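Colleague: Pasting in a structure now, in structure tokens, and then I'll have a few things to ask.
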Amino acid sequence: MNRAEILEKIGTILNSVLGHSNFELNEELTAKDADGWDSLTHMIIITEIESAFGVKFKLKDLNKLQNMGNLIDLVSGKLSEK
Amino acid sequence: MNPTENDIYLDLKEVILAHENRNAFFINGIYYTYLDFAKAISNIRFALKNNTGKIIGIITNDDLETYAAIVAIWFEGKAYVPINPDIPSDRNQNIISEAGIETIIDSSETAVFPNIKAIQSKKIEPVAIDLEPNKIPESELVYLLFTSGTTGKPKGVPISKQNLSGFTKAFWDLGYKINEDDRFLQMFELTFDLSVMSYLIPLLKGSCVYLVPKDKIKYSYIFELMEDYELTVALMVPSILHYLRPYFDEIDLPKMRYSLFCGEALPLDVTTEWSNCLPNAQITNVYGPTEDTIFCTFYDYVRNGQNKSYNGILSIGKSMNYNSTIIIDEENNVLEPGNVGQLCLGGIQLTPGYWKNPEKNKEAFFNILYNNKEERFYKTGDLCKADENGDLLYIGRIDFQTKIQGFRVELSEIEFYAKEFLSKINVVVLTLPDDVGNTEVAMVIESKPFDYKDTIDYMKEKLPYYMIPKKVKFIDTFPLNVNGKTDRKKLEILFID
């Protein structure tokens, strides 16, 4: 799966968890840019991503996330370990 | 022993001066020493000298100046009102006028309230260090916090210097051995009184305060601080544990010494799992409303032993020194242990009464003969029973007040604004457990379905984020229970998938 495909799949999850798509889906996207992306929705988003890609993150991995680009790095890293 | 024999302001002054080269704060990756803190306090104090009014507003930014403003206000003999700039402006204006605020200390680049005199704390001329506190009677106020009220008007809870001194003394009596090497978590918005414990206790011992800035994903950043900076003391709301729970197996915090929980019910099973993440820490469940200064009862979790709980919720324990707890029935009669009734609190930490609100004061406070002495008590609205040893078991709320992320919320206040926007349409606001076991706000509208985005947008203008419904359902007619009241339990079922 390439970066664009991962991004698209995460975008679908964001739309469904946040209930809107009023954000620009790109690698620079941060939680601050998307309405309703708080601690709770973050947790749900992460869980949804884990099940959609069939991966499991560590809390330490999640701490360092700054933006969507980091999240894609993390997902593709986990996918290549599989 | 007189619990207020020590002047907390003099203690603060001495600790700050004695720890000049040590770190006082860690904020967004930067350390600030006690000397930096002393300078910032002195500068703000000087700027504050020509301002009238006993009550000073502080814009709650995540920076050194905001915390320095608190101490500067105290040393000038005044009281602070925290004003969160992220909360709707209407609500803040309401607080400003209720409290009679004429001056606001604001560390923002541009003053948040252009119509009120601002001391821009990042733009003031430096002066010589001056940490000599003005002498004030113990009855003077130190802060005034506003909590959710029923009719869209926040309630003011004033806390006196005697209340706060009483809290610190009662806290030290619990046996906490805090020193200058301790590293404290401060995860609370300053409008929430648990923040006071999280900055004041460390500052009274020369420890360092590690801030969780508002714009971070809280649970993740808290773990990062605890792990990377080896925090030793942490007061948290239990909802943080629900978020961290899926990762407990990778959390190991041997340096943690004291882990305290307050603000919501603490489940025993999660506490037991958490205790394995911090093998060397004492875990304590503390309890108390803003009206009784931060917290006033405590229960130490027993490792590898029996713990007292009710419905899976850990006991809130016994009252701290200089505090009294009683449980009463509906006629204000004191109940014997084993009986369920309303928990009432009295003693040194009890607020002088709601701010300019004689009606609420009549409802919430009453006098009763206690230990052969007339004593004033506050009705918490919490249902409890005491066991034979006097440990309190928490059962639930009497009214529709609830806690969301530790913030006190009157559901009727949320309903008030929804109805205000929808005019003739009725709504009921409920709380539901969310996917991770925390509480979330849901709303049922008595109507055929319609696009409710405008309603939510309106509520966002009026209410803080944690009071905005996350889920909305429609129903033609509200079901009624046997008493002819809206059957809220039946409405909850609508949200079960």
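Colleague: Restricted to the stretch B:302-332, and to residues that are of a type in the set (Val, Ile, Thr) and part of a loop (DSSP other than H, G, I, E, B), which residue is surrounded by the fewest Cβ atoms within 10 Å (Cβ to Cβ)?
Modeller: Out of the qualifying residues, it is B:Val302.
Colleague: Check the stretch B:22-41 and report whether any residue there is under 18 Å from B:Tyr143 (Cα atoms) and out of contact with any Lys or Arg (no Cβ under 7 Å at 6 or more places or on another chain).
Modeller: Yes, the conditions are met somewhere in the stretch B:22-41.
Colleague: Considering only residues that are assigned to a loop (DSSP other than H, G, I, E, B) and touching a strand residue (DSSP E or B) at 6+ places or on another chain (Cβ under 8 Å), look in the stretch B:409-433 and name the one that is farthest from the other protein chains (Cβ to nearest Cβ).
Modeller: B:Asn426
Colleague: Can you find a residue that is in contact with a helix residue (DSSP H, G or I) (Cβ under 6 Å, 6 or more places away or on another chain) and either modelled with pLDDT under 95 or not in a strand (DSSP E or B) (or both) anywhere in the stretch B:333-342?
Modeller: no
Colleague: Right, something else. So, in the stretch B:225-239, exactly how many residues are under 17 Å from the mean Cα position of the chain (by Cα) and either free of Cβ contacts under 8 Å to residues at least 40 places away in the same chain or at the interface with chain A (Cβ under 9 Å from one of its Cβ atoms) (or both)?
Modeller: Going through the stretch B:225-239 one residue at a time, the tally reaches 2.
Each row is one residue, and each column tells you yes or no for (1) facing chain B (nearest Cβ under 9 Å); (2) under 25 Å from B:Lys471 (Cβ atoms).
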site	(1), (2)
A:Asn2	no, no
A:Ile6	no, no
A:Leu25	no, yes
A:His42	yes, yes
A:Ile49	no, yes
A:Leu71	no, no
A:Ser80	no, no
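Colleague: Which condition does B:Leu350 not pass, out of (1) over 27 Å from B:Asn84 (Cβ atoms); (2) not in a strand (DSSP E or B); (3) not acidic (Asp, Glu), if it passes all the others?
Modeller: Result: B:Leu350 fails condition (1) only.
Colleague: Here's another thing I want to ask about it. Which ranges mark the strands (runs of 3 or more DSSP E) fully within the stretch B:120-222 that have 1 or more residues being in contact with a Gly (Cβ under 9 Å, 6 or more places away or on another chain)?
Modeller: Per the criteria, B:141-147, B:155-160.
Colleague: Can you confirm whether the stretch B:155-169 contains a residue that is at pLDDT below 95, of a type outside the set (Val, Ile, Thr) and farther than 27 Å from B:Ser259 by Cα?
Modeller: yes
Colleague: Within the stretch B:182-229, restricting attention to residues that are closer than 16 Å to B:Tyr34 by Cβ and hydroxyl-bearing (Ser, Thr, Tyr), which residue is surrounded by the fewest Cβ atoms within 10 Å (Cβ to Cβ)?
Modeller: Filtering first and then ranking leaves B:Tyr199.
Conditions tested, residue by residue: (1) charged (D, E, K, R); (2) closer than 22 Å to B:Tyr219 by Cα; (3) at pLDDT 85 or above.
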{"position": "A:Asn15", "(1), (2), (3)": "no, no, yes"}
{"position": "A:Lys56", "(1), (2), (3)": "yes, yes, yes"}
{"position": "A:Asn70", "(1), (2), (3)": "no, yes, yes"}
{"position": "A:Leu74", "(1), (2), (3)": "no, yes, yes"}
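Colleague: Let me ask another. Could you please find all residues in the stretch B:39-59 being surrounded by fewer than 23 Cβ atoms within 10 Å (Cβ to Cβ) and touching a strand residue (DSSP E or B) at 6+ places or on another chain (Cβ under 9 Å)?
Modeller: Those that are surrounded by fewer than 23 Cβ atoms within 10 Å (Cβ to Cβ) and touching a strand residue (DSSP E or B) at 6+ places or on another chain (Cβ under 9 Å): B:Ala47, B:Leu48, B:Asn51, B:Thr52, B:Gly53, B:Lys54, B:Ile55.
Colleague: When the stretch B:426-470 is examined, which residues are found to be of a type in the set (Asp, Glu) and farther than 20 Å from A:Gly19 by Cα?
Modeller: Scanning the stretch B:426-470 gives a single hit, B:Glu446.
One line per residue, one yes/no per condition, for (1) closer than 23 Å to B:Glu375 by Cα; (2) within 20 Å of the chain's Cα centre (by Cα); (3) of a type in the set (Ser, Thr, Tyr):
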residue	(1), (2), (3)
B:Asp292	yes, yes, no
B:Tyr299	no, yes, yes
B:Gly305	no, no, no
B:Ile326	yes, no, no
B:Glu330	yes, no, no
B:Pro337	yes, no, no
B:Val340	yes, no, no
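Colleague: For the stretch B:67-83, give me each residue that is surrounded by fewer than 24 Cβ atoms within 10 Å (Cβ to Cβ), in contact with a strand residue (DSSP E or B) (Cβ under 7 Å, 6 or more places away or on another chain) and not in a strand (DSSP E or B).
Modeller: B:Lys78
Colleague: I've got another one for you. Out of B:Val444, B:Val436, B:Val472, which single residue is closer than 30 Å to B:Val270 by Cβ, assigned to a loop (DSSP other than H, G, I, E, B) and either out of contact with any Asp or Glu (no Cβ under 6 Å at 6 or more places or on another chain) or touching a residue at least 40 places away in the same chain (Cβ under 8 Å) (or both)?
Modeller: Just one listed residue meets the conditions, B:Val436.
Colleague: Hey, another quick one. Which residues, counting only those in the stretch B:84-119, are closer than 19 Å to B:Asn43 by Cα and not in a loop (DSSP other than H, G, I, E, B)?
Modeller: Across the stretch B:84-119, the qualifying residues are B:Thr103, B:Ile104, B:Ile105, B:Asp106, B:Lys117, B:Ala118, B:Ile119.
Colleague: Against the condition out of contact with any strand residue (DSSP E or B) (no Cβ under 8 Å at 6 or more places or on another chain) and surrounded by fewer than 16 Cβ atoms within 10 Å (Cβ to Cβ), how does B:Asn367 come out, does it pass?
Modeller: no
Colleague: Pull up the stretch B:333-359, narrow it to residues that are in contact with a Gly (Cβ under 8 Å, 6 or more places away or on another chain) and in contact (Cβ under 8 Å) with a residue 60 or more places away in the chain, then point me to the one that is surrounded by the fewest Cβ atoms within 10 Å (Cβ to Cβ).
Modeller: B:Lys356
Colleague: Which residue is modelled with the highest pLDDT, if the candidates are limited to the stretch B:343-371 and must be over 24 Å from the mean Cα position of the chain (by Cα) and of a type in the set (A, V, I, L, M)?
Modeller: Filtering first and then ranking leaves B:Ile368.
A quick yes/no check of all residues on (1) out of contact with any Phe, Trp or Tyr (no Cβ under 8 Å at 6 or more places or on another chain); (2) among the charged types (D, E, K, R):
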residue: B:Lys54; (1), (2): yes, yes
residue: B:Gly57; (1), (2): no, no
residue: B:Thr60; (1), (2): yes, no
residue: B:Tyr67; (1), (2): no, no
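Colleague: Name, by its number, the condition in (1) assigned to a loop (DSSP other than H, G, I, E, B); (2) over 24 Å from B:Ser148 (Cβ atoms); (3) touching a helix residue (DSSP H, G or I) at 6+ places or on another chain (Cβ under 7 Å) that does not hold for B:Ile294.
Modeller: Result: B:Ile294 passes all but (2).
The values are calculated or read from the model by the stated rules, or taken from the named source; none is laboratory data. The structure displayed is predicted, hence computed values, not measured ones. Ideal geometry is used to build each Cβ from the backbone, glycine not excepted, and the neighbour counts take in all protein chains shown.
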